[in-house]
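Colleague: First the structure, then my questions, so here it is.
Here, each number is a calculation from the coordinates, and none is a lab measurement. No experiment lies behind these values; they were computed from the predicted model shown. FYI the Cβ positions are ideal-geometry reconstructions off the backbone, even for glycines, and counts take in every protein chain you see.
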Amino acid sequence: MNVHLIRSSELSLETYTNVWNLLNKFQGPINFNESEDFEWDNFLYEQDWISEEQFKEVQKVDFRQEKDINSYSLYEESPSERNYSEKTFPFKEPQLTWEDLFLICEKYRRKYTVPENDLVFLLTDVSNDKNWFGSVDQKMRNVFIQTSNWSSFFGSEIDSRFPIAYEVVVWTLRIMMYRNRYELSQQLHAQPKGCMMDFCEHKSQIVLKMRTADICGDCLDYIQKRDVNRTALNQILETMDGIRSNILFRERSSVLNRPSRLEIRGYMKRIFLVDLGDLEVRLNPKEKTLFLFFLNHLEGVRIVDLMDHKAEILELYKRFSRASTPSLIEDAVDLMLQPTDGNINQVLTRIRSKFKQTAGDSIAGYYTIEGARNEVYKISLNRELVKVIEN
């Protein structure tokens, strides 16, 4: 089975790539394919496709005044309604109809001649007119998944690629299990069981569903009845288990004071947090150079003394820099190592920010370069948790 993942432009390429990488960690007969260079936004305004009026700004109501503020619609209500403290009511938000979203999937099918039995999943931050997080079309071949605001459910510690990937594999399995959308709706659980088919009447129940990342006995019986491909099912279950492990690790790490293992891989020294779903921390050449230098110096180094280590830092930077000449590379290192012009502090700040984004606030401090003025700066992570893989 082939699943084509396409994204709308407001969903960051980094998040999209992280979702794709996570899904492809678990091997099996389901192939998750990166989309072609598909500028879906242009299709919204084509005269024969979707009118400009359909991509509209819709006046939202003040949900704080509604009695059923915790209520879900079928399949999971869109999380776009959940960041109450961050929005001023009434507010406006771009919105598309279900028909619009499924038409975008169809347009992609036509443009790239996608086989009829392949699935197309649109990942988008744009909300939909029924306020559902995701759904499938009547043919059970096109799916949209709203990707925004997962921190409203899980807090700032969540890495959004995990709930997004969960929704992708769950919708894939639902399509394998059910013949049509009506049959699917009849099998939803009104009372939560921690199963992928929980109705999720209250918003907190989606957290339970992803923390358990399980399939109940009734649904397993249904899977057996429909003779779902066992190898594909195993691939989906392994993915769900990986998502569950990540969510639980993040929840427990702050209490247990336990950081993730870190691996440095290959010639380009890519940085991965192993226990956080093998999440890659993407640093630019200067950031990676400085991070690896301090990782190699357990005792730490004062900022004013960095110039004494220029040869080592320059050797690292040569590996990552795209500068065209040795003189440009050396100039960039000289600028970074000057303690008075602020360049080094900017690099340190960006490293902190990227580790907070990927690892969460509670454990990011283990990996960042910290120190006091005129004192040594160092990375506090226990080096027994660090592994370097050359190939």
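Colleague: Which loop GluC sites (Glu not before Pro) in segment 215-304, with loop taken from DSSP, have no more than 12 other Cβ atoms within 10 angstrom of their Cβ?
Modeller: Filter output for segment 215-304: E299.
Colleague: Here is a further query. Relative to the present Cα-Cα distance, how much length would full extension add between R265 and Q138 at 0.36 nm per residue of separation?
Modeller: In short, 41.3 nm is gained.
Colleague: Let me ask something additional. Amide H to amide H, which residues 5 or more places from R7 or on other chains are under 5 Å from it, using H placed in the peptide plane?
Modeller: Those qualifying (amide H under 5 Å, at least 5 residues apart or on another chain) are L123.
Colleague: Moving to a separate point now. Would you compute the Debye intensity of segment 262-389 from its alpha-carbon atoms alone, equal scatterers and no solvent, and pass along log10 I(q)/I(0) at q = 0.09, 0.16 Å⁻¹ to two decimals?
Modeller: With one equal scatterer per Cα and no solvent, log10 I(q)/I(0) is -0.24, -0.78.
Colleague: Something else now. Name the residues whose placed amide hydrogens come within less than 5 Å of the amide hydrogen of D214, ignoring near sequence neighbours (fewer than 5 apart) on the same chain.
Modeller: For D214, the qualifying residues are M196.
Colleague: Taking the Cα-to-Cβ direction at K387 and at R110 and moving 7 Å from each Cα, how far apart do the two end points lie in nm?
Modeller: In this crude label model, K387 to R110 measures out at 5.0 nm.
Colleague: Listing V386, V120, V301 from the residue with the fewest other Cβ atoms within 10 Å to the one with the most, what is the order?
Modeller: By the 10 Å Cβ count, ascending, the order reads V386, V301, V120.
Colleague: Report the full-extension gain for the segment E375 to R322: residue separation times 0.36 nm, less the Cα-Cα distance, to one decimal in nm.
Modeller: 15.8 nm
Colleague: On to the next question. In nm, to one decimal, how far is the modelled label at E99 from the one at D331, with both set 7 Å along Cα→Cβ?
Modeller: If labels sit at E99 and D331, their model points lie 5.9 nm apart.
Colleague: Moving on to the next point. Fewest to most neighbouring Cβ within 10 Å: what's the order for R322, R226?
Modeller: Ordered from fewest to most neighbouring Cβ atoms within 10 Å, R322, R226 come out as R322, R226.
Colleague: Between H309 and D241, how many nm apart are label points set 7 Å from Cα along the C-beta direction?
Modeller: 4.1 nm
Colleague: Figure the gain on full extension for D227 and Q186 (residue separation times 0.36 nm, minus the Cα-Cα span) and round it to one decimal in nm.
Modeller: So the extension gain works out to 12.9 nm.
Colleague: Averaging over all projection directions, find the projected area of the Cα convex hull of segment 314-356 and quote it in nm² with one decimal place.
Modeller: Directional mean of the projected Cα hull area for segment 314-356 stands at 3.3 nm².
Colleague: For H4, H189, H309, what's the fewest-to-most ordering of other Cβ within 10 Å of each Cβ? Each step should come with its number before you reach the end.
Modeller: Details: H4 23, H189 19, H309 14.
So the ranking, lowest neighbour count to highest, is H309, H189, H4.
Colleague: Rounded to the nearest 5, what % of the DSSP beta bridges within segment 262-389 are antiparallel ones?
Modeller: 75 percent
Colleague: Apply the Karplus curve 6.51 cos²θ - 1.76 cosθ + 1.60, θ = phi - 60°, to the phi angles in segment 102-114 and return the couplings in whole Hz, x for Gly and Pro.
Modeller: Along segment 102-114, the couplings run 5, 5, 4, 4, 5, 4, 4, 4, 5, 5, 10, 6, 6 Hz.
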